[in-house]
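Enquirer: Sharing a structure here in structure tokens format.
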Amino acid sequence: MVPAKMRAARMYDVGAPMVIEEVDTPRPQSLDVVVKVHACGIVPNLGNVLKNWSTWFPQLPLPKLPATFGLDPAGVIAEVGSGVTGLKVGDRVYVNPGRSCGSCRACRAGDQTACNSMILQGYFGYSPTAQETFDRYPFGGLCEYTLAPASACVVLPDNVTFQQAARLGYTGTGYSALRKGNAGPNVATLINGATGTLGLPTVLCALALGVTKILAVARNPDLLEELRQIAPQRIFTHSVNDGSVRDWAIEMTGGEGVDLALDCVGPGGTGEQMRELLRSLRRSGKLVNVGAVADPVPMNVHKMMDWNQGFQGSVWFSTAEGQDMAEMIRAGTLDMNLFRQEAYPLDRINEVLAGIENRHGGFSNFTVVPNPE
Ligand SMILES: [Zn+2]
């Protein structure tokens, strides 16, 4: 039974501490589900979204305040709408927060992440019309019950915990970027920001996709070594403090350059750093930008034409790609056991946001647990 009221963390002003309040539990429309949240992932960038997004990226609007944030909920379906036939109460799911309107030209073409009104539920939107989508799905995962379209549910295998599943958001983001770059065996793949919250699961997905040479670039040598130990025959590491990324990448690929480079660094990354990645590409190589670098990046587009090179942005992932990850976890090819779980009750959300600076790179997995199992 779903109770009429639930506890939810709400933010009233940009950057203000969240307060825990009792609100009405959401009810499903015909194609929706209500999910009892057992874990909600907390990525370090949530702090930026709450405090700085309105100033840094005014084109990416927050939901109307007060709002309940929380990007990555995982839990159990507690109620289904009258038209839902493929899911049932009790199913274990991860909710893909990528929300689309369902009726614009991109949506009708099946391209959810190109929707004119796309939002990440519980996070931010991508256009001035985003609020319409927030109005339909107003709760993120920092509450006891969240609402989502049935079509956004990734059904979880038994061998993944809810806390691990709450990491699928950035994992899927990396996975989708790797697919756009046709990652696979014999596709030398450079991942910049490889030990971070986005980069580390991207490395795990590259392993799952069979990439045989992963060039992992980051800053901290200890974290890099820990990463290398996961698959020493396939992961090769370089600290940006130890000289040119480009020179190392060229050397590691017999003078050719990499087939694929992924930029996974956060908003603090520099344009110059991304330029190094472009210069690391071989002929016909491709850079997929999946991080959040906001600096201008000077590009030699004439050379890129001569060399048949590509540059592509990649935002989030489809629910189908989310289900791919669930199947890789089921089969054991994507290993979510490497993350160190840091779980907190809902009341301690403000402490989590303040303490996430002290994480063990991307190995740490911070979650809030609104309903203990
Ligand atoms: Zn749409």
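Enquirer: Please compute the length gained on full extension between residue 132 and residue 373, using 0.36 nm multiplied by the number of residues separating them and subtracting their Cα-Cα distance.
Expert: 83.4 nm
Enquirer: A further question on this structure: Between residue 105 and residue 13, with labels modelled 7 Å along Cα→Cβ, what's the label distance in nm to one decimal, could you check?
Expert: 4.3
Enquirer: Right, another one. Could you give the dipole magnitude of segment 171-313 about its Cα centre, charging the beta-carbon of Lys and Arg +1 and that of Asp and Glu -1, in debye to the nearest 20?
Expert: 460
Enquirer: What order do you get for 22-34, 115-127, 152-164 when each peptide is scored by the mean count of other beta carbon atoms within 10 Å, highest first?
Expert: Those peptides, ordered most packed to least, come out 115-127, 152-164, 22-34.
Enquirer: So what's the back-of-envelope 222 nm ellipticity for the chain, counting only DSSP H runs of four-plus at -39500 (n - 2.57) apiece and dividing by all residues, rounded to 500?
Expert: It comes out at -7000 deg cm²/dmol, rounded to the nearest 500.
Enquirer: Mind jotting down the three principal axis lengths of the chain based on Cα atoms? Whole angstrom, largest first.
Expert: 64, 40, 39
Enquirer: Then there's this: About the Cα centre, and with charges only on the beta carbon of Lys, Arg (+1) and Asp, Glu (-1), how big is the dipole of the chain? Nearest 20 debye, please.
Expert: Dipole size: approximately 620 debye.
Enquirer: At a threshold of 8 angstrom on Cα-Cα distance, excluding pairs fewer than six apart, so keeping six or more, what relative contact order does segment 1-107 reach in percent?
Expert: 29
Enquirer: Also, I was wondering about something else. Counting other Cβ atoms within 10 Å, which chymotrypsin sites (Phe, Trp or Tyr not before Pro) in segment 276-373 have at most 16 and lie in a DSSP loop?
Expert: The qualifying sites are 307.
Enquirer: Which semi-axes, in whole Å and largest first, does the equivalent ellipsoid of segment 171-313 have when worked out from the alpha carbon gyration tensor as the square roots of 5 times its eigenvalues?
Expert: Equivalent ellipsoid semi-axes, largest first: 20, 16, 15 Å.
Enquirer: Taking only Cα atoms of segment 77-225, what ratio of Rg to Rh do you get with Rh as the Kirkwood inverse-distance radius?
Expert: Rg/Rh for segment 77-225 comes to 1.01.
Enquirer: Under the definition of Cα pairs under 8 Å and six or more residues apart, what whole-number percent is the relative contact order of the chain?
Expert: Relative contact order for the chain comes out at 18 percent.
Enquirer: Taking the inverse of the average 1/r across all pairs of different Cα atoms in segment 120-169, what Kirkwood radius in Å do you get?
Expert: 12.6
Enquirer: For the residues 101, 40, what sequence is obtained by ranking on other C-beta atoms within 10 Å, fewest first?
Expert: 101, 40
Enquirer: State, as an integer percentage, the relative contact order of segment 197-313 based on alpha-carbon contacts under 8 Å between residues 6 or more apart.
Expert: With pairs under 8 Å counted, the relative contact order is 20 percent.
Enquirer: Now a separate question. Could you check the simple spin-label distance between residue 82 and residue 330, using points 7 Å along Cα→Cβ, in nm with one decimal?
Expert: Here the answer is 3.2 nm between the modelled labels.
Enquirer: So if I take the centroid of the Cα atoms in segment 273-343 and the same for segment 129-168, what is the distance between those two points in Å?
Expert: Measuring centre to centre over Cα atoms gives 23 Å.
Enquirer: Send over the per residue convex hull volume for segment 1-154, Cα only, as a whole number of Å³.
Expert: Taking only Cα atoms, segment 1-154 has a hull volume of 103 Å³ per residue.
Enquirer: Once fully extended, how much extra length lies between residue 158 and residue 242, figured as 0.36 nm per residue of separation less the alpha-carbon to alpha-carbon distance?
Expert: Contour length minus Cα-Cα distance gives 26.0 nm.
Enquirer: Sorted from fewest to most neighbouring beta carbons within 10 Å, what does the list 43, 76 look like?
Expert: In order of increasing Cβ crowding within 10 Å: 76, 43.
Enquirer: Which is the longest run of the chain containing none of the trypsin sites (Lys or Arg not before Pro) found in DSSP loop states (not H, G, I, E, B) with at most 12 other C-beta atoms within 10 Å?
Expert: 89-373
Readers should treat all values here as calculations from the given coordinates under stated rules, not as data from a laboratory. As the structure is a prediction and not an experimental result, all values here were calculated from the model. With ideal geometry, Cβ positions are generated from the backbone for all residues, glycine too; neighbour counts draw on all protein chains shown.
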